1. Quickly work out the residue B:200-to-residue B:121 label distance, labels modelled 7 Å from Cα along the C-beta direction, and quote it in nm with one decimal.
2. Using only DSSP helix segments of four residues or longer, with each worth -39500 (n - 2.57), what per-residue ellipticity at 222 nm results for chain C after dividing by its residue count and rounding to 500?
3. Please compute the modelled spin-label separation between residue A:35 and residue B:10, points set 7 Å along Cα→Cβ, answer in nm with one decimal.
4. Report, to the nearest 10°, how far helix C:199-243 tilts away from the longest principal axis of the Cα atoms in chain C, using its own Cα long axis and a range of 0 to 90°.
5. Suppose R0 equals 22 Å. What FRET efficiency, 1/(1 + (r/R0)^6) with r the Cβ-Cβ distance, do residue C:19 and residue C:151 give to the nearest 0.05?
6. Which value at 222 nm does chain B reach when only helices count, each DSSP H run of 4 or more adding -39,500 (n - 2.57), with the total divided by all residues and rounded to the nearest 500 deg cm²/dmol?
7. Using label points projected 7 Å from each Cα along Cα→Cβ, tell me how many nm separate residue B:70 and residue B:192, to one decimal.
8. Please give the helix B:155-182 orientation as an angle from the longest Cα principal axis of chain B, in degrees from 0 to 90, rounded to the nearest 10.
């Protein structure tokens, strides 16, 4: 399954490992922050605009 | 504009003004490096141009956060912004004051300090000319970075980070010119490019710096 | 019906609500296809052996690192001229993604270079330019963090992006000049790009590049949405504090 990388196996594998790790990191961090801010905003909006006539369609989902 | 220049120069020469700071730092660096790398003449000779340029850069960096800070804090900057002199002129003048108190002295002592680092004699003209041409760029670019961070309390570290990549072209060409001089090659291409960068910076960066000042004063 | 309607935060949020998943899935599809194909199903290069497989990571990330900066430049200009907050926030959102791309490019470049040059860091012009780009990204992000007033921060970082762009281009030439003595004529692996690469490598490379591009868009859309929400959050919190 794994191709024969020969003598460069370390280099190729570490390159892929580092890259995938960094990609995962920026993706995970971005999603995590998005969820956190969305939640905090919902909390504050619930506090400040309890009336049903609230014009806030800013709590758009996702 | 002359009045502003004279005022800034006077302020910096007074105690606490930081006039000698850059020079002292430069001297310390040139004394410490041989101790650090070992007294090997050939090695020192080959790194001398680079060390001198890096030293000039760092010494210029030291006093950057003062360029606008004091005036910002006591409200003088706002007064200057509304004065008949355009803010671009203010930025340029302050950069000039910085250069007179930092870049110019550095250029003058670079050759003697080069002795400590075993700088080959052939390199001196290229080095000194390079510093003379390049340090104005360092001052005016530094003024831009200072203008960006003028509202901040501890702007010094951020200024260093901002200004570092902006200094790269000047450093690369300047050190290259000095190295070419050291090996007997013709340094005119990097020197010309250096002059070009400085000229363009002096002409255009004050506009960016003034814009940044206006943004911070709003 | 022009693109400017997306300058309205609400319109932006509504449109990206369905756009974002599309880009995210497309990005995943292309990335997986490109990388799996490139890693498992391409031959080794005659000269570089299996390290040629690093191309599927290095070239796309390097490309995106630069494109991200261009996008930030454009967004900064739009902010300075038209004062659309979405634009300023999009620039802010893009910076960490660009930074990540730059770091990936640096690491993969160094790792790829080691078997070829014998050292991890040989001050090759291209890699050095990316190091400088890395510093530009750091400074930009740091400036955003440092300034309290958000509109002022947007202004200042926009100017920084502008001036930085000019110097980034200058640095590119300066670095080439500085290093030309050592590596002139050497075919640095980086330089192959998509042009002189054989067909068998080319297709997965292009797919990978598209994947990275789509990923960038998806992440920027996501992060801009977050920034818009964050801005509203700050406004509401400030109002709460003022009311107390």
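Values in this text are rule-based calculations from the coordinates and carry no lab data. Predicted model only: the values in this text are computed from it and were never measured. Cβ sites come from the backbone with ideal geometry, for glycine too, and all protein chains shown count toward neighbours.
1. 3.8 nm
2. -29000 deg cm²/dmol
3. That separation, rounded to one decimal, is 6.4 nm.
4. Roughly 20 degrees between the two axes.
5. It comes to 0.25.
6. Using -39500 (n - 2.57) per qualifying helix, the result is -27500 deg cm²/dmol.
7. About 4.2 nm, to one decimal.
8. So the inclination is approximately 40 degrees.
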